[in-house]
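Worksheet for the structure shown next.
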Amino acid sequence: MLALAALAVETTPRELAMPAVVSPLYTVAGRTEIAPVLGLSLGDAFFQKGILGLALQHHFGTLWSVGPYAAVALSRAAPPLIVCNTDADCQSAQAEKLAAAPGNLLLFGGFDVRWAPLYGKLSLLAEDVLHFDAYLALGPAGALYRIDDATMRLAPGLHGVLGQRVFLGPRTAIGAELADLAYIARVRGSTSVQSQLMLNLTLTWLVGG
C-alpha cells in the first residue's frame, strides 16, 4: 500500500499542484506619505465635530516616520442637548448658546513620530494578496478653541494615534485611525485637560523613493 501511495505522488501531474502565493513587499522606506484625513469626533458632551485634515510623514525606514499634520474642526451643538432658561422654557441647544461650554474646538495640528511594527500579507482568492500594516503615533500638538463668542485661545497638547492601513497598490492605501487630542483649556475661569477622541479615515499616497 505504501508503494502504491508513493507511486501516486510521483505520477501526480505538476500542473495539478497548488502554486505558492508569492507577492513582493510594498516598501515605504525613503518615501513621503501624503494623507488627506476625514474624521468624526466621538463622545462629545456639548459639541459634535467633523474633521478635515492633511498629514505628511517621511519614512526613514520600514518602522519609523515623522511629519506634521493640521486639521480643521467643524463644530455644531451635539444632539439631543436641551437648554432650559426656566422650567417652562426649554429648547434644543444652539451653538451660540453653548459659548461657555468646553469642547468648542476650531483648529489643531502638530508633529507626530510614528512607529509601524506590524506588516502583514493575507492571501485571498487565487493569487490576490492583501497587504496591510498597523502603527502607533505620538507627538506634541496645539489646539485653537473658542471659549465664548469673542474669545479664541491657543492651547498646548498631546496627540496620539492607533491606526491600520490596507494597501491598494505599491503607492496607495486606505486606512482607519482612532486618535486622541488632549489639550489644556481654560473653561469658566479654571484650567482643565480636555480630551477629544476621533475616528478618522485616511487615503494615502506615497511619493519619492
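The values are calculated or read from the model by the stated rules, or taken from the named source; none is laboratory data. Just so it is clear, the model here is predicted, and its values are computed rather than measured. With ideal geometry, Cβ positions are generated from the backbone for all residues, glycine too; neighbour counts draw on all protein chains shown.
From LEU124, LEU144, LEU118, which residue is at negative phi and surrounded by 13 or more Cβ atoms within 10 Å (Cβ to Cβ)? Break it down into steps so the answer makes sense when it comes.
Details: LEU124 fails: surrounded by 13 or more Cβ atoms within 10 Å (Cβ to Cβ); LEU118 fails: surrounded by 13 or more Cβ atoms within 10 Å (Cβ to Cβ).
Going through LEU124, LEU144, LEU118 in turn, the sole match is LEU144.
Being in contact with a Phe, Trp or Tyr (Cβ under 7 Å, 6 or more places away or on another chain) and either surrounded by 15 or more Cβ atoms within 10 Å (Cβ to Cβ) or touching a residue at least 12 places away in the same chain (Cβ under 8 Å) (or both) is the requirement here; does VAL166 meet it?
Details: in contact with a Phe, Trp or Tyr (Cβ under 7 Å, 6 or more places away or on another chain): yes; either surrounded by 15 or more Cβ atoms within 10 Å (Cβ to Cβ) or touching a residue at least 12 places away in the same chain (Cβ under 8 Å) (or both): yes.
It is true that VAL166 is in contact with a Phe, Trp or Tyr (Cβ under 7 Å, 6 or more places away or on another chain) and either surrounded by 15 or more Cβ atoms within 10 Å (Cβ to Cβ) or touching a residue at least 12 places away in the same chain (Cβ under 8 Å) (or both).
Listed here are the residues, each with its yes/no results for (1) more than 28 Å from the chain's Cα centre (by Cα); (2) at pLDDT 95 or above; (3) among the polar types (S, T, N, Q); (4) under 30 Å from ILE174 (Cα atoms).
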| site | (1), (2), (3), (4) |
| --- | --- |
| TRP64 | no, yes, no, yes |
| TYR69 | no, yes, no, yes |
| SER75 | no, no, yes, yes |
| GLU96 | yes, no, no, no |
Qualifying residue in segment 36-44 (condition: at pLDDT 90 or above, farther than 25 Å from PHE167 by Cβ and hydroxyl-bearing (Ser, Thr, Tyr)): yes
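Residues in segment 33-58 that are assigned to a strand (DSSP E or B) and over 17 Å from the mean Cα position of the chain (by Cα): how many? Talk me through it step by step, then tell me what you get.
Of all residues in segment 33-58, those assigned to a strand (DSSP E or B) come to 33-42, 47-58.
Imposing the further condition that a residue be over 17 Å from the mean Cα position of the chain (by Cα) reduces the set to 47-48.
So the answer is 2.
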Within segment 140-192, the residues that are part of a loop (DSSP other than H, G, I, E, B) and more than 30 Å from LEU118 (Cβ to Cβ) are ILE147, ASP148, ASP149, ALA150, THR151, ARG188, GLY189
Taking segment 177-207 and the residues there that are surrounded by fewer than 19 Cβ atoms within 10 Å (Cβ to Cβ) and under 19 Å from LEU56 (Cβ atoms), the one that is nearest to the chain's Cα centre (by Cα) would be LEU201
